[in-house]
Each structure stands twice: as structure tokens, then as C-alpha cells.
Amino acid sequence: MEKLYEGKAKVLFPAGPDTLRVYFKDEATAFNAQKRGLIPGKGVINNKVSATLFRYLEAHGVKTHFLEEVSDREMRVLRVEILPLEVILRFKAAGSFAKRYGVKEGTPLKTPLVEFSLKSDPLGDPLICPEAILALGLAAEEELSQVRTTTLKVGELLRDFFAQRGLDLIDFKLEFGKRQGEILLADEISPDTMRLWDQKTGEPMDKDRFRKDLGGVEEAYQEVLRRVLRG
Ligand code: TMP
Ligand code: ASP
């Protein structure tokens, strides 16, 4: 079937007037696609992890685009108009935050921090402040406030979920979409879009293993899936 859109990690196919089929690929990129590779089995794992987390969040009152898993690598979702924002929530300093402010990775933050980036490959997803989001009309004030509240709620829910599975949720990235005037959590939630450190060893169990060439990438993804499915 003809694809609607192909991104770095997923392909979208039409699946009816109001729904899409999302296919999760094994391809991995980092640093705005300057680094490319393959993580065998990643698509299957990210589909399963995302589906499980979307169901968990829905069960706790978070509205998402998720409808159902349709195969190992595919889920069906509601069509939404994606807000051009990457919404990041941080519990501990890591990655670009640690680098920007010169703080050691793993330093706990006094409060969870919501950050926004403009989704733009040519610009390299620059940080954007809420005032600029409003000034550019990328979201309305009420929408932005809902995005922030939902992100903090998702953060609490996911942190609990992973803590019960021996994983420390350091930070994560969400995307939201609009459908019939309603804001829905969209995209994916997977080891590609989160930092998860093993509580006992402190080892990263996410895409940082690929970004930083730490080895054991597939094994880490498999272990995250195993713990997510533990229930
Ligand atoms: P950062 O520290 O590199 O800004 O990343 C923050 C979080 O966002 C981290 O959990 C990884 C995730 N992320 C994405 O999902 N997509 C991206 O393109 C980037 C840069 C980060
Ligand atoms: N997915 C992003 C890219 O390839 C970056 C990342 O996740 O580090 O540009």
C-alpha cells in the first residue's frame, strides 16, 4: 500500500479516513541523522513497548492516538495533526541539557523540567521557549498549557511504571497531535525516545547505547521490553 510519510524510524500508511497504520523500522539515526545504523529487532520492540505504554497511560486517563497493535511491527492510530514540537521532560540531567549547562549526567533536578524543541530537521530541532511558540502560532495558549500538564502527568506515570521494573527514567520526549480540537498524545514512547538507566548498575538501557557506541544495543532494547511486559 502507498505510504503517506516516511520518517527516520517509522513509516505511516493510510488505514481509513480517520486512521493510520504505523510501521516501526529497525533503522536508527542520531545527531540529526548524521549517524546511521541498524538495531535488529528494534521495530518490533518499539511497537510493543509503545503499545503497552499507550495502553497503560490510557488506563490512567491520558488521551492518546493509539488504537491497537495490528502486527509485530505495526499499530493502528488515529490521524492527528502533529504539533511541530518535541516536548521533553527531564528528571535528571543528561544529554543536551547536561552539556548545555555543564552539569554532570545523573544530577537530579529540583523539579521536573519541561522543555520544547521546534521539530525541524533542517534547523536541527532548536530549543524554543513557550513565548516563541505562542508568537509563531505553533500552538494556542490553552493547548500549550494542556501539553505541559499532560507531559508532567505522563512523567509521573512512566517514572512509577519503570521504577517498579528496576529502571530509572531520566528523561523522555513526547509529541502531541490535534484531532477535532482535542490534544492527543501521539508518536511513540520507546527506548528511542527515553533515557532509562538500570537502577542497580546505572547502565543506560536505551538509544544512548547506540548514540555513544556503548555496545549491547539490541540486548538493552530486549531487556527493556522484557521488563515492560512483566506487568
Ligand atoms: P537530549 O538530551 O538529547 O535533548 O534528549 C532528551 C530526550 O529526548 C532523550 O530521552 C532522548 C529524546 N530524544 C528524542 O526522542 N529524539 C531526538 O531527536 C532527540 C535529540 C532526543
Ligand atoms: N532521532 C534523532 C535523529 O536522528 C536524534 C536522536 O534521537 O538522537 O536525528
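Throughout, read-outs are computed from the coordinates displayed, never taken from laboratory work. No experiment lies behind these values; they were computed from the predicted model shown. Here the Cβ is made from the backbone with ideal geometry for all residues, glycine too, and neighbour counts use every protein chain on show.
Things to note:
- Here each label is just a point 7 Å from Cα along the line to Cβ, and for Arg179 and Lys200 those points are 4.0 nm apart.
- q = 0.09, 0.18 Å⁻¹, the stretch 77-231: log10 I(q)/I(0) [Debye, one scatterer per Cα]: -0.30, -1.18
- Set Lys3/Lys63; Lys10/Lys110; Lys63/Lys212; Lys8/Lys178; Lys35/Lys178; Lys8/Lys200 screened for pairs whose C-alpha atoms are more than 29 Å apart: Lys10/Lys110; Lys63/Lys212; Lys35/Lys178; Lys8/Lys200
- Shape category assigned to the stretch 114-199 from the gyration tensor of Cα positions, a/c cut at 1.5: prolate
- Residues listed by number, the stretch 161-183, amide nitrogen under 17 Å from Leu229 label point at 7 Å toward C-beta: 165
- A dipole drawn for the stretch 1-97 from +1 and -1 charges on Cβ atoms has a positive end, and of Ser96, Pro84, Ala59 the residue lying farthest that way is Ser96.
- Shape of the stretch 64-147 from the C-alpha gyration tensor: oblate (a/c of 1.5 or more and a/b not above b/c, with a ≥ b ≥ c the square roots of its eigenvalues).
- Net length gained if the chain between Leu152 and Tyr5 were fully extended (0.36 nm per residue, minus Cα distance): 50.0 nm
- Highest to lowest packing among 30-38, 166-174, scored as the average C-beta count within 10 Å: 166-174, 30-38
- About its Cα centre, the stretch 1-84 has a charge dipole of approximately 280 debye under the convention of +1 per Lys or Arg Cβ and -1 per Asp or Glu Cβ, with nothing else charged.
- Relative to the Cα centre, the charge distribution of the chain, modelled as +1 at Lys and Arg Cβ and -1 at Asp and Glu Cβ, gives a dipole magnitude of about 520 debye.
- Overall form of the stretch 97-136 per C-alpha gyration tensor (a/c, 1.5; a/b vs b/c): oblate
- Take the Cα of Asp72, step 7 Å toward its Cβ, do the same at Glu27, and the gap between the two points is 2.0 nm.
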